[in-house]
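Inspection log for the structure reproduced underneath, given as structure tokens.
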Amino acid sequence: MTAYIVEKLGLPHDEANLLRSTYTERYGAVLLGLIRHHAIDPHEFLAQVHELPPLAEVLRAERGIARLMAGLPGRKILLTNAPAHYAMPIVEALGIGRHFERFVSIEDMADRRGWRAKPDPTMLRRLLVREGLTPANTWLVEDTRSHLKHLRHFGIKTVWITGHLPVRNSLGKVMARSGRPHFVDIKVQSLRELRAYLATGAGARHVRGK
């Protein structure tokens, strides 16, 4: 994404990287900032910056991820700011596609007013209505803390998974991984830890009826 910004906007690498980070934090997805402030072609952007390398060479996952997914209670919907052509091969390579009832990519989040992405509240509200979900019975499982912060006011429960997050971001800034923010209901390192938590009495009470 940084290379795309360098090429399209003619910025030095460091400035382009800062812009990428800023737009991600402010809008949830770099794409939305580039559309709003620089009128880039969204389809060109999604095609150019989401070219998959050979998955066997780069894909890493928690051991037994498919079994762990199967052990988590409730309906499961994949909500991703990535385009479908990027996200779906990864899901299939991990062998977890069958565990999701629905896949919602960034293309699916768009409406007649334009592109949307997590943590857009209008998009989430429409998704909940369309799927017949109530906020109190919905969990958002995320590694992006800012998404949880923006969407917690809906009344949904929030799970922050931190185990694979880098200690520093691409700008060299230390990532906030310690502590549990007030807008996070559960903080875990992994799906294994989440499943173990939900298997306890407290966790079972949280998800009963989901």
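The values are calculated or read from the model by the stated rules, or taken from the named source; none is laboratory data. In this text, all values refer to a predicted model and were calculated from it rather than measured experimentally. Note that each Cβ is placed from the backbone with ideal geometry, even for glycine, and that neighbours are counted across all protein chains shown. We work out accessible area using only protein heavy atoms, side chains counted, and drop any ligands, DNA or RNA first. Shrake-Rupley method; radii C 1.70, N 1.55, O 1.52, S 1.80 Å.
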Legend entry - Projected label distance in nm at residue 47 and residue 77, using a 7 Å step from Cα toward the beta-carbon: 3.0 nm
Inset, instruction - State the percentage of accessible surface on region 55-208 attributable to carbon and sulfur atoms; use a 1.4 Å probe and exclude ligands, DNA and RNA. - result: 53 percent
Legend entry - Where region 1-49 is the region considered: accessible area per residue in Å², 1.4 Å probe: 54 Å²
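Rounding to the nearest 20 debye, state how big the charge dipole of the chain is about its Cα centre with +1 on each Lys and Arg Cβ and -1 on each Asp and Glu Cβ. Provide the component values of the computation, followed by the final result.
Values: 32 positive and 20 negative charges, 243 e Å.
I would put it at about 1160 debye.
Just check region 1-49 against the gyration tensor rule for me: Cα atoms, a ≥ b ≥ c as the square roots of the eigenvalues, rounded for a/c under 1.5, and otherwise prolate or oblate depending on whether a/b exceeds b/c. Walk me through the numbers before you get to the answer.
Values: a/c = 1.58, a/b = 1.07, b/c = 1.48.
Here region 1-49 falls in the oblate category.
Where the only charges are on Cβ atoms (+1 Lys, Arg; -1 Asp, Glu), what is the dipole of region 52-134 about its Cα centre, to the nearest 20 debye? Walk me through the numbers on the way to the answer.
On the way: 14 positive and 9 negative charges, 63 e Å.
Computed charge dipole of region 52-134: roughly 300 debye.
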Legend entry - trypsin sites (Lys or Arg not before Pro) restricted to region 109-166 and DSSP loop, no more than 16 other C-beta within 10 Å: 112, 113
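Would you kindly work out the equivalent ellipsoid of the chain from its C-alpha gyration tensor and give its semi-axes, the square roots of five times the eigenvalues, largest first in whole Å? Display every interim value, and only then the final one.
Values: eigenvalues 171, 76, 67 Å².
Equivalent ellipsoid of the chain: 29, 19, 18 Å, largest first.
On a 1.4 Å probe surface of the protein chains, which of 8, 118, 187 comes out largest in accessible area, and what is the full order? Intermediate values should be presented prior to the final figure.
Details: 8 90, 118 20, 187 60 Å².
The residues order as 8, 187, 118, largest area first.
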Legend entry - Among the listed pairs 8/157; 118/187; 8/149; 8/118, those beyond 28 Å (Cα-Cα): 8/157; 8/149
Legend entry - Environment charge of residue 33, counting only residues whose C-beta is closer than 12 Å and scoring Lys/Arg +1, Asp/Glu -1: +2
Inset, instruction - Provide 200, 2 ordered by accessible surface of protein heavy atoms (probe 1.4 Å), highest first. - result: 200, 2
